[in-house]
Each structure stands twice: as C-alpha cells, then as structure tokens.
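Have a look at the structure below before the remarks.
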Amino acid sequence: MLTGRSRSVSIYLSLLGNLALVIVLLSGAIMALTFVGSQRTVERLSGLILRETTAQIELKLRHFFDPVIQDLDLVRAWDDSGLIDLDDAPALNRLLAPVLRANRQLSAALLADERGRAHVLFHFGDAWSSRATRADTWGGRAAWLEWTDERPEPVASWKDSDYDPRLRPWYQGAIAAQREARPENTPGRVYWTEPYAFYTAKAPGMTAAMAFRGRDGRVRVVGFDVLLTDISGFTTSLRAGTTVRSWS
C-alpha cells in the first residue's frame, strides 16, 4: 500500500459530488413553483426531476469511466489467451490502437512487467507513436515506432531514455493493490493514480492501472492514461447541464 494511497482520488465519488450542485439548483426552482401550483403536485414533480437528473448524470459518468475499467480487463484476458508479447511492438500496437480509437478519453495505453520491460502506445489526433523499453537489457535506450493514419507504415528509431515503468506511480500503485488481492495471485482492483505529469506528454493526467500475474508467471501491469483536460471538460459539461459529447 503506497503512503499516498489513502489520498488517492476516488473518481466516481468526487465526480458524483457534482450532483450536489445540481440538486441544490433544482430544489430552488422547485420551491419557486410552490407559488403557482399545489404542494402535492410540486412534491411529485420534484421527486421525478431529481431522480431523473441523478440517473442521467450517473449514466454519463459510467459512460465515461466504465470503458476504462473494461479495457483493463480486456488486456488481461488477451494476456491469458497468449496474445500479449512485450517483445513484439507491432503486434501490441495492432491490438491496442483500436482500443484507443474506440475510447476518446484514453490518451495512452501502457504495459509493463516486473523486469522493467514496457510498451507504451500514444496518439495525438491522427499521429501515433509507441515506445518500447527494456530496463533489464537495453539500458538507457528506447525503440520508437511512429506513423499516422494517412501513412500507416511505421518509421522506426532509437532514442535515449531513462524510463523505468517500475518507478512510475501507476505501476507502483497497481502492484500495491495486487498484493492486497485475495486470494493471492488474483488480479488487483483497478488503481487510479492521483493527478501527476505524464512522462512523455508532460501533461497532467491520471492513470487507471491493474496488476496481474501473466501466463509466464511474471507480474504485469496494464494501464490507460486520461488527460485532466478531458476530465475537466467532462465535469464542466455536467455542471453546466449541457449535453455531454460522446466519448466512446
């Protein structure tokens, strides 16, 4: 358990707190209606409006966050089926790119194991790149692949890098959650980091991560990044009561 674990952001609880503002505003409007209608009618309407509003916001929250959790389980299932190979970057990109395309709230997919080997897939609009690191054999180098939707043939290159996934908050938090899992060796619960600066993008965001033991017996961690700008835009739309754009 990390020291900061007790302060980890609870996504659902913090965002559901936005309901309080909505409910207060609706309650004020409902009270005003008492001057033009019967109390009994107003009470029925108030209950109906509050229940409907709460249900709609909860549905939108699930629409935003549930795919993240489901995709973590999906990648774990792929590993169980023998589809995950950290030494095959092109194959990993073919698996993970459709996941990022289908869920616009995800900015990157991350995979790592206990040896310090990692594969990260990023996308910025129609530009894509992946970084493979091998802390146990490559040292301070990383293998990159870069391509675009218009030019899908990847361009390979080597770059200096001191990246070690085992030192990142998403990896450490997921490992701590996995150690608490019962029975042992079962996947840990989904761990959400506190907001932090992403290693490559340098932008603030949060990562949802899950640790599990792979087919080869090694502990693996899978994670998905969500930018704070996307979370902020989503919560702002809830507060304003406007229509939330489709995120997935």
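The values are calculated or read from the model by the stated rules, or taken from the named source; none is laboratory data. Since this is a predicted model, take the numbers as computed values, not measurements. Reconstructed Cβ throughout: ideal geometry from the backbone, glycine too, with neighbour counts over all protein chains shown. Note: areas computed on protein heavy atoms with side chains; ligands, DNA, RNA excluded. Shrake-Rupley method; radii C 1.70, N 1.55, O 1.52, S 1.80 Å.
Of all residues in region 88-102, those being touching a strand residue (DSSP E or B) at 6+ places or on another chain (Cβ under 8 Å) and surrounded by 14 or more Cβ atoms within 10 Å (Cβ to Cβ) number 7. Taking region 117-235 and the strands (runs of 3 or more DSSP E) fully enclosed by it, the elements with 2 or more residues that are closer than 16 Å to Leu100 by Cβ, open to solvent by less than 40 Å² (accessible area, probe 1.4 Å) and at pLDDT 90 or above are at 117-124, 127-134, 141-148, 204-213, 219-227.
Taking each residue of region 83-108 that is closer than 15 Å to Pro154 by Cβ and looking for partners that are open to solvent by 60 Å² or more (accessible area, probe 1.4 Å) and among the charged types (D, E, K, R) with beta-carbon atoms closer than 7 Å, six or more apart or interchain, yields Ala91/Asp85. Would you confirm whether any residue within region 49-72 is touching a Lys or Arg at 6+ places or on another chain (Cβ under 8 Å), modelled with pLDDT under 95, surrounded by fewer than 19 Cβ atoms within 10 Å (Cβ to Cβ) and in a helix (DSSP H, G or I)? No, region 49-72 has no match at all.
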